[in-house]
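First the structure, in the form of structure tokens, and then the observations on it.
The values are calculated or read from the model by the stated rules, or taken from the named source; none is laboratory data. Keep in mind the model is a prediction, meaning the values are calculated, not measured. Cβ placement follows ideal geometry from the backbone for every residue including glycine, while neighbour counts extend to all protein chains displayed.
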Amino acid sequence: IQKNDLEGKVITISAGSTIEPIDPVRYLTNHSSGKMGFELAKVAANRGAIVNLVSGPTKLTPPQNVNFVDIKTTTDMKDTMLNLLPKSDVVIMAAAVSDYRVKEISNKKIKKDGESLQLTLVQNPDILKELGHKKGKGQIIIGFAAETNNLENYAKGKLKSKNADFIVANDVSRKDIGFGTDENEVIIFGQNDFKQKISKASKEIIAEKIFDVLSMKGE
Ligand code: PMT
């Protein structure tokens with residue numbers, strides 16, 4: 001049965017990784033394939049939402065019926081997400097954001113000199129934290145937590161420090177879920193000790209269940 005429970009809602013979702021250039025040839029990034037964020041976007045659009053999908057480079061084809069914005073760096077993603085915040089009812093940060101960028105990007109290819117190479121990295125802004133602290137009344141901000149240990153404690157810490165309404169926690173030390181896989185297993189944490197585990201399933205079903213939680217909580 002087709003659900004239309006997200007009709008009229010504007011939902012902005014980030015997906016994939018951000019990339020940080022080192023020189024014209026090389027960059028820093030991480031293992032995100034974009035699958036989790038793209039499935040969230042597809043499911044939200046199927047359930048009637050107007051969807052903005054903001055994504056770093058991936059090998060995926062954007063779902064139909066979404067406004068697709070492709071970006072590269074964390075700064076690009078931050079600017080785009082903050083721009084879309086005032087028009088959004090729900091914002092979901094499923095992207096794996098690069099926490100660091102290279103301090104000085106070389107405009108020429110860095111040549112090998114047989115020695116070690118030192119790069120100075122500077123910390124990137126925390127997009128979820130900014131969204132959480134800028135959100136207006138009635139807006140819902142959902143973050144993810146990608147952890148390798150202490151999943152529950154770190155997820156609860158992120159819920160608080162980032163002022164999010166929900167944190168969707170996944171264990172990225174596992175090979176069968178998390179980065180790059182077709183399946184995931186998550187625990188959703190919310191305000192007032194809300195906690196719901198979603199057992200291992202396709203990322204599409206995980207996305208459906210995340211929106212079920214939103215609908216159930218009347219948000
Ligand atoms: O793309 P896939 O291959 O399908 O993999 C899915 C996934 C594992 C990438 C996804 O399920 C996931 O966990 N995404 C969040 C990855 C992440 O960056 O987690 P984090 O615990 O480092 O960050 C916590 C939250 O803050 C996240 O919502 C993240 O988007 C956000 N963040 C992090 C750093 C930063 N500088 N700005 C941010 O907004």
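Here I140 qualifies as more than 13 Å from the ligand (Cβ to nearest atom), at pLDDT 95 or above and within 17 Å of the chain's Cα centre (by Cα).
In segment 170-187, of all residues being near the ligand (Cβ under 8 Å from one of its atoms) and small (G, A, S), the one that is surrounded by the most Cβ atoms within 10 Å (Cβ to Cβ) corresponds to G178. Among the residues making up segment 112-137, those that are at pLDDT 95 or above, part of a loop (DSSP other than H, G, I, E, B) and either among the acidic types (D, E) or within 10 Å of the ligand (Cβ to nearest atom) (or both) are N124, P125, D126.
Close contacts from segment 123-134, counting a first residue that is touching a residue at least 40 places away in the same chain (Cβ under 8 Å) and a second that is more than 7 Å from the ligand (Cβ to nearest atom) and among the hydrophobic types (A, V, I, L, M, F, W, C), with Cβ to Cβ under 7 Å and a gap of 6+ residues or different chains, come to I127/M77; I127/M81; E130/L82; L131/M81; L131/L85; L131/V91; L131/I141; K134/L85. If I ask for residues that are within 17 Å of the chain's Cα centre (by Cα) and either under 26 Å from K103 (Cα atoms) or of a type in the set (A, V, I, L, M, F, W, C) (or both), which ones from segment 117-132 would you list? Within segment 117-132, N124, P125, D126, I127, L128, K129, E130, L131 qualify.
Among the conditions (1) touching a residue at least 40 places away in the same chain (Cβ under 8 Å); (2) under 16 Å from N67 (Cα atoms); (3) within 16 Å of the ligand (Cβ to nearest atom); (4) not aliphatic (A, V, I, L, M), F38 misses just one, which is (1). Among the numbered conditions (1) within 24 Å of G138 (Cβ to Cβ); (2) part of a helix (DSSP H, G or I); (3) of a type in the set (V, I, T), the only one that I205 does not meet is (1).
Of the residues S98, S55, S17, S32, the single one that is in contact with a His (Cβ under 8 Å, 6 or more places away or on another chain), within 15 Å of the ligand (Cβ to nearest atom), of a type in the set (S, T, N, Q) and closer than 22 Å to E130 by Cβ is S17. Among the conditions (1) free of Cβ contacts under 8 Å to residues at least 60 places away in the same chain; (2) farther than 30 Å from G190 by Cβ; (3) surrounded by 13 or more Cβ atoms within 10 Å (Cβ to Cβ), I110 misses just one, which is (1).
Taking segment 53-91 as the range and being touching a helix residue (DSSP H, G or I) at 6+ places or on another chain (Cβ under 6 Å) and of a type in the set (V, I, T) as the test, the residues that pass are V54, V66, V69, I71, V91. Among the residues examined, D23 does not qualify as within 16 Å of the ligand (Cβ to nearest atom), surrounded by fewer than 19 Cβ atoms within 10 Å (Cβ to Cβ) and modelled with pLDDT of 95 or more. Scanning segment 143-159 for residues that are part of a strand (DSSP E or B) and either small (G, A, S) or more than 12 Å from the ligand (Cβ to nearest atom) (or both) yields G143, A145, A146. Quick check: anything in segment 79-91 within 14 Å of the chain's Cα centre (by Cα), assigned to a helix (DSSP H, G or I), within 16 Å of the ligand (Cβ to nearest atom) and closer than 25 Å to R26 by Cα? Scanning segment 79-91 turns up at least one residue that is within 14 Å of the chain's Cα centre (by Cα), assigned to a helix (DSSP H, G or I), within 16 Å of the ligand (Cβ to nearest atom) and closer than 25 Å to R26 by Cα. Of all residues in segment 160-193, those satisfying the criterion of being outside any strand (DSSP E or B), in contact (Cβ under 8 Å) with a residue 24 or more places away in the chain and either of a type in the set (A, V, I, L, M, F, W, C) or closer than 17 Å to A15 by Cα (or both) are A164, V172, G178, F179, G180, T181, D182.
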